[in-house]
Amino acid sequence: MANLANTMTNCLDGLCVVDLTRNLPGPFATRLLADLGAEIIKIEPKNGDPARALGDLFTALNHGKTIEKVDFRDPEGIEAIKAHLKNADVMLDSFRPEVLEGMGLDAKSLHALNPKLVMVSITGYGMADGMSDGSDDSQIKPHIKHNWADKAGHDINFMAMSGVLDQLKTAAGEQAMPNIQFADLAGGSDTAVIALLAAVFSAQRTGKGRHVAVSMTHSLYQHMVMPKATGKLVKSFSGKNPKPQHDFLGGLLPCYRLYKTADERYMAVGSLELKFWQGLCEVLALPELKTKHWQMGVMPNTKDSQEAAQVVADKFASQPLAYWQRIFESADVCVTPVLTLEEARAHPLFAHQDEHSATPGW
């Protein structure tokens with residue numbers, strides 16, 4: 001696995017990225033680019049990236065990058081940044097809208113310096129008019145403008161406003177508080193990398209750079225493709241929009257949910273297709289449940305479906321996690337233990353992780 005992963009480390013050789021971002025979303029994006037071979041020049045303010053206070057996090061995000069510090073309020077500091085941008089391929093920032101213009105690092109100024117420069121701004125709520133520099137006709141202007149562009153926020157706020165946070169409910173319907181930064185990483189870092197590489201590809205063919213604004217909130221909203229679709233599906237047979245914990249893949253189906261074990265741990269059952277469900281029933285010695293599946297017409301929240309779920313729940317509750325982990329190890333039916341972070345770290349799946357507990361994402 002490690003050798004296969006290493007074949008990706010030179011994909012972006014020759015790509016020069018000037019990184020003006022701080023904290024998590026931008027630095028993780030450029031960490032991904034660095035892992036693919038890009039040269040990252042990270043420019044921090046004189047007082048440093050706030051993530052430095054978190055020690056290991058800063059190191060994990062920024063090792064292997066060239067790091068410089070400048071005074072962003074000093075014209076000499078801005079000129080030092082421009083000196084790098086003159087020959088760079090990409091500039092990544094996470095400032096609020098209008099800040100770049102105030103520093104003289106707006107698209108008009110920088111494209112006069114370097115026409116092929118790709119600028120990617122990671123924002124919380126996007127641009128009020130959908131445009132980053134007012135000149136790129138490839139951007140789509142929304143019909144209704146919003147006044148959120150200049151509002152401050154963090155991951156929890158972007159998750160809340162996108163509707164994603166409300167989807168994270170316990171089985172009892174209580175709001176869950178995640179400790180994974182979905183907005184920062186999926187909405188910000190990953191989306192920014194996709195946009196950045198697409199814009200670089202275009203710039204290489206056309207000779208023209210562009211300024212792309214990535215909205216973490218809008219990206220997260222786009223990621224909810226499943227609940228948007230499955231909510232309509234559940235409504236079609238229940239007559240009302242489902243609560244998140246009663247959505248099609250939110251715990252409503254006996255074949256796709258979490259089951260508690262005798263030692264208060266959980267097994268994750270993802271036997272969504274009929275063949276996997278029937279395999280699960282064989283492993284659990286519950287042949288009478290093989291036809292109790294949504295593909296056999298037993299729809300969620302019906303009496304048959306609820307009774308099937310209870311029988312399976314009772315079965316899993318009869319033995320501890322280690323027992324079920326051993327039983328399902330050789331059964332290819334989409335059933336896995338819910339591992340702790342420490343258990344995952346020690347699992348053979350992650351044997352090739354580096355000293356920063358990171359593994360290539362490909």
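Using the structure shown, decide if Lys169 is more than 29 Å from Pro244 (Cα to Cα), of a type outside the set (Gly, Ala, Ser), touching a residue at least 24 places away in the same chain (Cβ under 8 Å) and surrounded by 13 or more Cβ atoms within 10 Å (Cβ to Cβ).
Values: more than 29 Å from Pro244 (Cα to Cα): no; of a type outside the set (Gly, Ala, Ser): yes; touching a residue at least 24 places away in the same chain (Cβ under 8 Å): yes; surrounded by 13 or more Cβ atoms within 10 Å (Cβ to Cβ): yes.
No.
List every residue pair whose Cβ atoms lie under 9 Å apart, where the two residues are 6 or more positions apart in sequence or sit on different chains, the first residue falls within segment 215-238 and is at negative phi, and the second residue, located anywhere, is open to solvent by 80 Å² or more (accessible area, probe 1.4 Å) and modelled with pLDDT of 90 or more.
From residues that are at negative phi, the pairs are Ser215/Tyr221; Thr217/Met161; Leu220/Met161; Leu220/Phe182; Tyr221/Met161; His223/Phe182.
Answer yes or no: is there a residue in segment 278-288 that is closer than 26 Å to Leu339 by Cα, hydrophobic (A, V, I, L, M, F, W, C) and touching a Cys at 6+ places or on another chain (Cβ under 9 Å). Step through it out loud before you land on a result.
First, the residues of segment 278-288 that are closer than 26 Å to Leu339 by Cα: 278-286.
Next, only the ones that are hydrophobic (A, V, I, L, M, F, W, C) stay: 280-281, 283-286.
From what is left, the residues that are touching a Cys at 6+ places or on another chain (Cβ under 9 Å) are 280.
Within segment 278-288 (the criterion being closer than 26 Å to Leu339 by Cα, hydrophobic (A, V, I, L, M, F, W, C) and touching a Cys at 6+ places or on another chain (Cβ under 9 Å)), the answer is yes, since at least one residue qualifies.
Kindly provide the set of residues from segment 38-56 that are open to solvent by 20 Å² or more (accessible area, probe 1.4 Å) and either free of Cβ contacts under 8 Å to residues at least 24 places away in the same chain or within 25 Å of Lys82 (Cα to Cα) (or both), ordered by number. Even if it seems obvious, please write down each step before you answer.
If we filter segment 38-56 for residues that are open to solvent by 20 Å² or more (accessible area, probe 1.4 Å), which is where we start, we get 39, 46-47, 50, 52-56.
Glu39, Lys46, Asn47, Pro50, Arg52, Ala53, Leu54, Gly55 - these are the residues of segment 38-56 that are open to solvent by 20 Å² or more (accessible area, probe 1.4 Å) and either free of Cβ contacts under 8 Å to residues at least 24 places away in the same chain or within 25 Å of Lys82 (Cα to Cα) (or both).
Got at least one residue in segment 66-77 being crowded, with 21+ Cβ neighbours inside 10 Å and either modelled with pLDDT of 95 or more or more than 30 Å from Ser162 (Cα to Cα) (or both)?
Here is the first cut: in segment 66-77, the residues crowded, with 21+ Cβ neighbours inside 10 Å are none.
No, that holds for no residue.
If I ask for residues that are of a type outside the set (A, V, I, L, M, F, W, C), at pLDDT 90 or above and either open to solvent by 30 Å² or more (accessible area, probe 1.4 Å) or under 24 Å from Glu39 (Cα atoms) (or both), which ones from segment 105-133 would you list?
Answer for segment 105-133, where residues must be of a type outside the set (A, V, I, L, M, F, W, C), at pLDDT 90 or above and either open to solvent by 30 Å² or more (accessible area, probe 1.4 Å) or under 24 Å from Glu39 (Cα atoms) (or both): Asp106, Lys108, Ser109, His111, Asn114, Pro115, Lys116, Ser121, Thr123.
When segment 312-346 is examined, which residues are found to be without any contact (Cβ under 8 Å) to a residue 24 or more places away in the chain, part of a loop (DSSP other than H, G, I, E, B), open to solvent by less than 70 Å² (accessible area, probe 1.4 Å) and farther than 14 Å from Val269 by Cα?
If the condition is that a residue be without any contact (Cβ under 8 Å) to a residue 24 or more places away in the chain, part of a loop (DSSP other than H, G, I, E, B), open to solvent by less than 70 Å² (accessible area, probe 1.4 Å) and farther than 14 Å from Val269 by Cα, then Thr340 is the only one that fits.
Given the conditions (1) more than 25 Å from the chain's Cα centre (by Cα); (2) in a strand (DSSP E or B), and given that Leu105 satisfies all but one, which numbered condition is not satisfied?
In the conditions (1) more than 25 Å from the chain's Cα centre (by Cα); (2) in a strand (DSSP E or B), Leu105 misses (2) alone.
The values are calculated or read from the model by the stated rules, or taken from the named source; none is laboratory data. These figures come from a predicted structure and were not determined experimentally. A quick note on method: Cβ atoms are made from the backbone with ideal geometry, for glycine too, and the neighbour counts reach across all protein chains shown. With ligands, DNA and RNA removed, areas are computed over all heavy atoms of the protein, side chains included. Shrake-Rupley method; radii C 1.70, N 1.55, O 1.52, S 1.80 Å.
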